[in-house]
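Trainee: Please read through the structure below; I'll follow up with questions.
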Amino acid sequence: ILLHRIFERATTIDDLYNAIKRMSLDCVIESDEAERLCRNIDHAMEDESVREWFSDVWDDVKTEVEILSNNTTRRPDRVMISGQRAVVVDYKFGDKTNKQHFKQMSEYLSLLHAMGRYKSIEGYVWYINIGHIEPIVLAQ
């Protein structure tokens, strides 16, 4: 839950570390927990994809944004836009992958595709606890 709160408020890598620092200063978490979370983020940033998601290359980053289409509302954790490229990431904190998560991401991608604004749409389910990123391909 703490990591999800940290990620949902962050645009860049620095934002992640600053959120942890704020939580520690506000006594939301103990200093040893803050150190553990920083180590987890350090480890996550070893992955090139994750580093890109939290870099400053994006024109727009939306967290917990609603995608509306045909009376359907979906809320992916992170949508990053650069030109005509959209990348969607959904964070999961369980200890195993789940095909339902893949289906959920496919729905996000389909809704973005239906908008007709993006030439390139990518989706990823990021299982943070197990360090696994599952790329999801838009079925067309």
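Trainee: Return the total of residues in the stretch 36-57 being closer than 13 Å to Ile81 by Cβ and assigned to a loop (DSSP other than H, G, I, E, B).
Mentor: The number of residues fulfilling the criteria is 1.
Trainee: Can you pull out every residue in the stretch 83-130 that is open to solvent by less than 40 Å² (accessible area, probe 1.4 Å) and of a type in the set (Gly, Ala, Ser)?
Mentor: Answer for the stretch 83-130, where residues must be open to solvent by less than 40 Å² (accessible area, probe 1.4 Å) and of a type in the set (Gly, Ala, Ser): Ala86, Gly94, Gly123.
Trainee: Filter the stretch 41-80 for residues that are at pLDDT below 90 and out of contact with any strand residue (DSSP E or B) (no Cβ under 6 Å at 6 or more places or on another chain) and give the result. Don't jump to the end; show me each part of the working.
Mentor: Going through the stretch 41-80, the residues at pLDDT below 90 turn out to be 63-75.
Those that are at pLDDT below 90 and out of contact with any strand residue (DSSP E or B) (no Cβ under 6 Å at 6 or more places or on another chain): Glu64, Leu68, Ser69, Asn70, Asn71, Thr72, Thr73, Arg75.
Trainee: Considering only the stretch 58-82, state which residues are among the charged types (D, E, K, R), at positive phi and either free of Cβ contacts under 8 Å to residues at least 12 places away in the same chain or in a strand (DSSP E or B) (or both).
Mentor: Of the stretch 58-82, the ones among the charged types (D, E, K, R) are 59-60, 62, 64, 66, 74-75, 77-78.
Retained after the next criterion (residues that are at positive phi): 64.
Answer for the stretch 58-82, where residues must be among the charged types (D, E, K, R), at positive phi and either free of Cβ contacts under 8 Å to residues at least 12 places away in the same chain or in a strand (DSSP E or B) (or both): there is none.
Trainee: Quick check: anything in the stretch 33-46 open to solvent by 70 Å² or more (accessible area, probe 1.4 Å) and under 26 Å from Val137 (Cβ atoms)? Talk me through it step by step, then tell me what you get.
Mentor: The first filter runs over the stretch 33-46 and keeps only residues open to solvent by 70 Å² or more (accessible area, probe 1.4 Å), leaving 35-36, 39, 42-43, 46.
Subsequent filtering for residues that are under 26 Å from Val137 (Cβ atoms) retains 46.
Checked the stretch 33-46: at least one residue is open to solvent by 70 Å² or more (accessible area, probe 1.4 Å) and under 26 Å from Val137 (Cβ atoms).
Trainee: Looking at Ala10, Ala19, which one is small (Gly, Ala, Ser), in contact with a helix residue (DSSP H, G or I) (Cβ under 9 Å, 6 or more places away or on another chain) and either under 22 Å from Glu122 (Cα atoms) or open to solvent by 80 Å² or more (accessible area, probe 1.4 Å) (or both)?
Mentor: Values: Ala19 fails: either under 22 Å from Glu122 (Cα atoms) or open to solvent by 80 Å² or more (accessible area, probe 1.4 Å) (or both).
Result: Ala10 is the single residue among Ala10, Ala19 that is small (Gly, Ala, Ser), in contact with a helix residue (DSSP H, G or I) (Cβ under 9 Å, 6 or more places away or on another chain) and either under 22 Å from Glu122 (Cα atoms) or open to solvent by 80 Å² or more (accessible area, probe 1.4 Å) (or both).
Trainee: Cβ-Cβ under 7 Å, sequence separation 6+ or interchain: first residue in the stretch 83-109 and closer than 12 Å to Ile133 by Cα and aromatic (Phe, Trp, Tyr), partner open to solvent by 40 Å² or more (accessible area, probe 1.4 Å) and outside any loop (DSSP other than H, G, I, E, B). Which pairs?
Mentor: Close Cβ pairs satisfying both conditions: Tyr91/His4; Phe93/His4; Phe102/Glu134.
The values are calculated or read from the model by the stated rules, or taken from the named source; none is laboratory data. The model shown is predicted, which means the values in this text are computed figures rather than measured ones. As a convention, Cβ positions derive from the backbone with ideal geometry for all residues, glycine included, and neighbour counts pool all protein chains shown. Only protein heavy atoms, including side chains, enter the accessible area calculation; ligands, DNA and RNA are left aside. Shrake-Rupley method; radii C 1.70, N 1.55, O 1.52, S 1.80 Å.
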